[in-house]
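A quick write-up on the structure given underneath.
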Amino acid sequence: MKKHKNQKIDETPDETGARAPSPADGAEETPRPTQAAEAQHSSAATAPDEFAALKDRYARLLADFDNFRKRQAREREEWSRRANELLLEDFLPVVDHLELALSNAPNPPDPFAAGVKLVYDQFIAALEKNGVTPLDAKGQPFNPDWHEALSQVPSDTVPEGGVVEQFRRGWLIGGRLMRPAQVIVSAGQQEKGESF
C-alpha cells in the first residue's frame with residue numbers, strides 16, 4: 001500500500017482481527033457540520049408532518065374500533081331479541097288453547113276452570129312482561145298489515161270492511177307484529193234476494 005508523506009496508515013487490527021479502514025482505502029469522510037445540520041433540519045421539518053399523519057391514523061383507528069364495538073353490541077342485542085321472540089312465539093298456541101278451554105268451560109265457577117283461568121292469567125302476565133301484547137281485532141276496521149282475513153260474510157251490524165269475528169288473536173312484540181289476527185271480515189249489508 002502506498003503512503004503519502006504526511007499520511008499515516010493505521011494497521012492495528014480491531015477485536016475481529018480486521019484493520020480499521022483508512023481514508024486511503026476509499027472510506028467515506030465524516031459529514032461536514034453543515035451537511036449534518038441540513039439533514040437534521042430536513043428531518044425536523046418532516047417530523048411534525050409525520051406526527052400529524054400518525055395522530056390522524058391513530059384517531060381513525062380509534063373511531064373504527066369504537067364503531068366495531070358498537071356494531072357488535074347491536075348485533076348481540078338483536079340475536080338475543082330474536083331468540084327471545086322465537087321462544088315467545090312458541091308459547092302463543094298454548095295461550096290460544098287456554099283461551100279455547102276457558103271459552104268452552106261448562107261451569108266457569110268450577111274450581112278446575114278457575115285453575116285454568118289462573119294459569120292463563122299468568123301466561124298473559126309473563127308475555128306482557130317480555131313486551132308481547134295482544135292485538136284484538138273484533139269491531140276494528142280490517143287492516144291487511146295487522147289482520148289475516150279468513151273469509152268475508154254479510155253483516156247488518158258491522159259496516160263493510162270491518163271485522164265481524166276474530167278467529168285467532170294477533171300478537172305484537174315491542175310494537176311490531178309478531179302474529180297477525182285471523183279474522184272474518186264484513187261484506188256489508190246483504191241485499192234482498194242475494195245469498196252467499
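Quick notes
- If you go through the range 171-188 and pick out every residue that is under 23 Å from Pro154 (Cα atoms) and touching a Leu at 6+ places or on another chain (Cβ under 9 Å), you end up with 6.
- Selection from the range 71-113 of residues that are among the hydrophobic types (A, V, I, L, M, F, W, C) and exposed (fewer than 14 other Cβ atoms within 10 Å of the Cβ): Ala73, Trp79, Ala83, Leu86, Leu87, Val94, Leu100, Phe112
- Verdict on Val164 being β-branched (Val, Ile, Thr), without any contact (Cβ under 8 Å) to a residue 40 or more places away in the chain and touching a strand residue (DSSP E or B) at 6+ places or on another chain (Cβ under 8 Å): yes
- For the range 127-182, taking the residues that are touching a helix residue (DSSP H, G or I) at 6+ places or on another chain (Cβ under 7 Å) and part of a strand (DSSP E or B), the one that is surrounded by the most Cβ atoms within 10 Å (Cβ to Cβ) is identified as Val132.
- Here is the figure for the range 114-126: residues that are of a type outside the set (A, V, I, L, M, F, W, C) and either surrounded by 15 or more Cβ atoms within 10 Å (Cβ to Cβ) or on the phi > 0 side of the Ramachandran plot (or both) total 2.
- Test: residue in the range 10-18 that is in contact with a Ser or Thr (Cβ under 8 Å, 6 or more places away or on another chain), at pLDDT below 80 and acidic (Asp, Glu): yes
The values are calculated or read from the model by the stated rules, or taken from the named source; none is laboratory data. Because the structure is a prediction, the values reported are computed rather than measured. Counting neighbours? That spans all protein chains shown, and the Cβs are built from the backbone with ideal geometry, glycine included.
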